[in-house]
Structures are given as structure tokens and as C-alpha cells.
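First the structure, in the form of C-alpha cells, and then the observations on it.
The values are calculated or read from the model by the stated rules, or taken from the named source; none is laboratory data. All of these numbers come straight from a predicted model, not from anything done at the bench. A quick note on method: Cβ atoms are made from the backbone with ideal geometry, for glycine too, and the neighbour counts reach across all protein chains shown.
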Amino acid sequence: MSILIDLRRRIRSVENSQKITQAMKTVSTAKFRKAQRTVQESRPFWHVFPELMGRAVYWARPAAHPLLAQRTEKKAEIMVITSDKGLAGTFNSNLLSRALAFIAEKERTADVRLVLIGKKAVGFFKKHAWPVERSIPDRTDKLTRDEIREVAEFLMRQYVFQKIDAVYIVYNEFRSIVAPRITTVQLLPVEPAPGAEASAVWRPDWDPDEAVLLQSVLPLYVESQVHHALHESQAAEQAARMMAMDNATKNAEDLLEDLVLVLNKIRQAGITKELLEIMTAVEALRESA
């Protein structure tokens, strides 16, 4: 009897968990569709802007803007973007493993400093000795444009004042619902676009002057690429959580079927045992009569 009670309690517990995972999947689906729409609408700008800036950098004089200065990479700033919540499968663990390998590689030739976005990144790198210069552990899905601009300006100040020689971003780029693509990009310094030499036969007629133009465009470029990484990470996170909750719901359904089957077998065995005892008692009464 106690076994039946325990099984019924476990079945109720699994049913409650299934309701929670189903609700979380619904919420993640709504958030994913919103994030996916933002990413798809903005990708043409985000993907063309780096190529455009690469060509502008190839044409411009290195002294035209401080962000174009090329220095020996002795100090590197690495921004790692994760989520501030779990229940997203391997979304965070895979990215943190890749980021750790990239940081270890960079540490061979440069001093590494970190900018961490997301509670998972902040908690993970607490165990390591690399200095954290900036961290945003919470509300990563609700960062305002001003907050993102502040992060971009911090990175640019660090580079302009020669406190760092390069800036990298490690994040999950949304490619499909099944799995994101872990991406590592160099944000600063802005380097010439590959193949820009093909257009070297002519040079642009800068209007306004290249220094004035780059003074306006380069900060916008850095800010847009930080936006890009954050929004791609948000879309990938919601897709991963949606899939994880869907798998959890299906696993709970399979577990419920197994538990109900075991419960029915135990009940049938109990009923069969009681029937045998009754029949045995009846036969004993007949023989005694």
C-alpha cells in the first residue's frame, strides 16, 4: 500500500513539473518570436556595416581616428555574453567552454581583462583570476539603448586611452532553433575588409573630411556591433530555452506513462493476490464442510 501512495505522489509531482515546463515553453516561444523578428529585421544593417567600415578603414589614414590605431596586442579586453537565467540546455556551458579556451589562448601573448554580460558568465569567472572591469549580471534581456551605448563607450575609452590594445566579443549567434553558433569577433581595432585591395585603383573623395566622418561613424559602428551581439544572444537563448522546455515536457510525458504502467501493474498484482486469497478461503470452507 505504501508503494502505491509513493507512486501516486510521484505521478502528481511529475504532472506539476510538466505543467511548469509547458508554461515556460509557451513564454519562451513568445519571447523567441519577438527576438527573432528583431534579429531578422536588423541583420542586413548589422552584416553590411562591418564590410563598409572595413573599406572605409582601408581608404582612411591611420591617424584619422584613434580607433584605427594598430598596436601590438599586449592587453586584450574580452566581452563574454551569456544569459542571466538557466534552463536553456547547453546554451551557457558550451559558450563558456569556448570562451575559456579563447581566453587561455590569448593569455599566452597578452594580459586579459573581461567584460561580462549575464549572471552565468559572472558566476563562472568568479572562480578565475582574470580581472573583471565591467559586469552586468541581471536584466540582460531588458538593457536599454543608453545602457548598451555606455558599454560601447567604455570599450572605446579603454582603447583610445591605450589601456587595451584589442577588444573581442564571444557570444552565441542565432542560426537555427536546433543549435546556435558560438562566434568570436574582433571589435577593435577596426581592420580593413578582406579584398579591399581590389578597389585600391581609386580613392574616395571624402566629404566631409575623413576625420570628421569617422568621428561620427566609428562610435556608431562599435555601438551597433555590441547591439548585434546582445540581440543575437537573446534570440539564441530563447530558442535554446524553448527547445529545452519542449524536451523536458516530452520527457515528463514519457515518465508519466512509465509510472502509470508500473502503478497499474502493482494494482493488478494486488487485486490478483486478493482474489487468490478469497478463492483459497472458499475452497478451505468447502473442504471443512
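Residue-by-condition table, conditions (1) assigned by TED's automatic domain parsing to the domain that holds E150; (2) β-branched (V, I, T); (3) assigned to a helix (DSSP H, G or I):
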position: R9; (1), (2), (3): no, no, yes
position: S28; (1), (2), (3): no, no, yes
position: F45; (1), (2), (3): yes, no, yes
position: G54; (1), (2), (3): yes, no, yes
position: V57; (1), (2), (3): yes, yes, yes
position: R113; (1), (2), (3): yes, no, no
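I need a count of the residues in segment 122-144 that are part of a helix (DSSP H, G or I) and either in contact with a helix residue (DSSP H, G or I) (Cβ under 7 Å, 6 or more places away or on another chain) or touching a residue at least 60 places away in the same chain (Cβ under 8 Å) (or both).
Matching residues across segment 122-144 total 3.
Inside segment 1-33, can you point out the residues that are touching a residue at least 12 places away in the same chain (Cβ under 8 Å) and under 30 Å from T140 (Cβ atoms)? Before the answer, list the steps.
Here is the first cut: in segment 1-33, the residues touching a residue at least 12 places away in the same chain (Cβ under 8 Å) are 3-4, 7-8, 10-11, 14-15, 17-18, 21-22, 24-25, 28-29, 31-32.
Matches in segment 1-33: S17, Q18, T21, Q22, M24, K25, S28, T29, K31, F32.
If you take the residues of segment 141-152 that are surrounded by 14 or more Cβ atoms within 10 Å (Cβ to Cβ) and out of contact with any strand residue (DSSP E or B) (no Cβ under 8 Å at 6 or more places or on another chain), which of them is farthest from V226 (Cα to Cα)?
Filtering segment 141-152 for residues that are surrounded by 14 or more Cβ atoms within 10 Å (Cβ to Cβ) and out of contact with any strand residue (DSSP E or B) (no Cβ under 8 Å at 6 or more places or on another chain), the one farthest from V226 (Cα to Cα) comes out as D141.
Report, ordered by the first and then the second residue, all pairs with beta carbons closer than 7 Å, sequence separation of six or more or different chains, a first member in segment 42-65 that is under 30 Å from E173 (Cα atoms), and a second member that is of a type outside the set (S, T, Y) and modelled with pLDDT of 80 or more.
Correct list of pairs: S42/H231; W46/H228; M53/V190; V57/L68; V57/V190; H65/Q215; H65/L218.
Against the definition (touching a Phe, Trp or Tyr at 6+ places or on another chain (Cβ under 7 Å), more than 21 Å from A239 (Cβ to Cβ), in a helix (DSSP H, G or I) and in the same structural domain as I169 (by TED's automatic domain parsing)), how does L67 come out, yes or no?
Values: touching a Phe, Trp or Tyr at 6+ places or on another chain (Cβ under 7 Å): yes; more than 21 Å from A239 (Cβ to Cβ): yes; in a helix (DSSP H, G or I): yes; in the same structural domain as I169 (by TED's automatic domain parsing): yes.
So L67 passes the test.
Only one of A129, A152, A198, A211 is at pLDDT 90 or above and among the hydrophobic types (A, V, I, L, M, F, W, C); which? Give the steps one after another, and end with the answer.
Working: A129 fails: at pLDDT 90 or above; A198 fails: at pLDDT 90 or above; A211 fails: at pLDDT 90 or above.
From the options A129, A152, A198, A211, the qualifying one is A152.
Whether any residue in segment 145-168 is assigned to a strand (DSSP E or B), within 23 Å of D84 (Cβ to Cβ) and assigned by TED's automatic domain parsing to the domain that holds E73 is what I want to check.
Narrowing segment 145-168 to residues assigned to a strand (DSSP E or B): 166-168.
Then drop every residue that is not within 23 Å of D84 (Cβ to Cβ), which leaves 167-168.
Within this subset, residues satisfying the condition of being assigned by TED's automatic domain parsing to the domain that holds E73 are 167-168.
Taking every residue of segment 145-168 in turn, at least one turns out to be assigned to a strand (DSSP E or B), within 23 Å of D84 (Cβ to Cβ) and assigned by TED's automatic domain parsing to the domain that holds E73.
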